[in-house]
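Structure record follows, encoded as structure tokens.
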Amino acid sequence: MFQLATSVNVACGLHAGDPVTMLDSCRAAYELDVTVGAHLGYRDMAGFGRRSLDMSFDELFGDVLYQLGALDGVAHAVGASVDFVKPHGALYDTLIHDAEQASALVAAVNAYDPGLPILGFPGSELLKQAKEAGHPVFTEAFADRAYYADGTLVPLSMQDAMLHDVDTIVERAVRLATKGEVVAIDGSIVTVQADSLRLQGGSPGAVETAAKIRAGLEAAGVELEAFA
């Protein structure tokens, strides 16, 4: 997968990942010149970070710092670096609208590195506060997730949340990159301006799908490079 991507999100040990996996991932990213992002999640290994947690400001602030420090230390040990932040799962969804948790994450990232870019959902509370705090902000679109007509994602708890047909996913990725739009589940066209295209790395056949997406983008004349 690392040979096909321009940037990768590496779990930092609270919702997934461990020191050896983090080390292997950062080493591979460095060797392949792939940008590393800190994939921050709730402290929820059993639920893979997909269960929402009601955390205080200090609790989330501390957990974000803990994850950043862990991945950054491992990355530097192998010559790599953490070049952006990207929330995961339930935390990602919460930060779209929850101002308090967004403020805790942004404050923690700002305390650790005031210039660290933050990747998130377009129009989210997270990116609003990150921009106000002076962080470079980038938006992403999902090549293999279903969208509602209002531009929000169909929750993973819904049966039709994920796309599985590879040709459909490739077509969507190319359309997002070249036209900045996506077809919603009701057939309407939604404008989605994004700096990065995301693919679920844990999905069945993800590597094959990523290879076909990359080939499709290149065939469409899209120049692939890391956003941060």
For Ala16, which of the numbered conditions (1) in a loop (DSSP other than H, G, I, E, B); (2) open to solvent by less than 30 Å² (accessible area, probe 1.4 Å); (3) over 16 Å from Tyr92 (Cα atoms) fails to hold? (3)
Any chance Arg145 is surrounded by 19 or more Cβ atoms within 10 Å (Cβ to Cβ) and charged (D, E, K, R): yes
On the given criteria, is Val10 out of contact with any Pro (no Cβ under 9 Å at 6 or more places or on another chain), closer than 26 Å to Arg214 by Cα, in contact (Cβ under 8 Å) with a residue 40 or more places away in the chain and outside any loop (DSSP other than H, G, I, E, B)? yes
Does segment 197-224 hold any residues that are under 18 Å from the mean Cα position of the chain (by Cα), part of a loop (DSSP other than H, G, I, E, B) and at pLDDT 95 or above, and which are they? Leu224
Would you confirm whether any residue within segment 88-102 is surrounded by fewer than 20 Cβ atoms within 10 Å (Cβ to Cβ), over 18 Å from Phe48 (Cα atoms) and of a type in the set (S, T, N, Q)? no
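Checking the structure you have, find out if any residue of segment 203-225 is among the polar types (S, T, N, Q) and without any contact (Cβ under 8 Å) to a residue 24 or more places away in the chain.
From segment 203-225, those among the polar types (S, T, N, Q) are 203, 209; that's our starting set.
Retained after the next criterion (residues that are without any contact (Cβ under 8 Å) to a residue 24 or more places away in the chain): none.
No, every residue in segment 203-225 fails to be among the polar types (S, T, N, Q) and without any contact (Cβ under 8 Å) to a residue 24 or more places away in the chain.
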Provide a single number: the residues in segment 178-223 that are open to solvent by less than 50 Å² (accessible area, probe 1.4 Å), under 21 Å from Val154 (Cβ atoms) and hydrophobic (A, V, I, L, M, F, W, C). 8
Scan of segment 28-81 for residues that are part of a helix (DSSP H, G or I), open to solvent by 80 Å² or more (accessible area, probe 1.4 Å) and under 22 Å from Ser196 (Cα atoms), ordered by number: Tyr30, Glu31
Can you tell me which residue within segment 94-133, out of those that are within 17 Å of the chain's Cα centre (by Cα), of a type in the set (A, V, I, L, M) and part of a loop (DSSP other than H, G, I, E, B), is nearest to Val8 (Cα to Cα)? Leu116
All conditions in (1) at positive phi; (2) open to solvent by less than 70 Å² (accessible area, probe 1.4 Å) are true of Ser124 except (1)
For the structure I just gave you, tell me whether Asp160 is at pLDDT 95 or above and open to solvent by 40 Å² or more (accessible area, probe 1.4 Å). no
Suppose we filter Ala173, Ala194 for residues that are in contact (Cβ under 8 Å) with a residue 40 or more places away in the chain and in a loop (DSSP other than H, G, I, E, B); which single one remains? Ala194
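The values are calculated or read from the model by the stated rules, or taken from the named source; none is laboratory data. The model shown is predicted, which means the values in this text are computed figures rather than measured ones. Don't worry about glycine lacking a Cβ; one is built from the backbone with ideal geometry, like all the others, and counts go over all protein chains shown. Accessible surface is based on the protein model in full, side chains and every heavy atom, while ligands, DNA and RNA are left aside. Shrake-Rupley method; radii C 1.70, N 1.55, O 1.52, S 1.80 Å.
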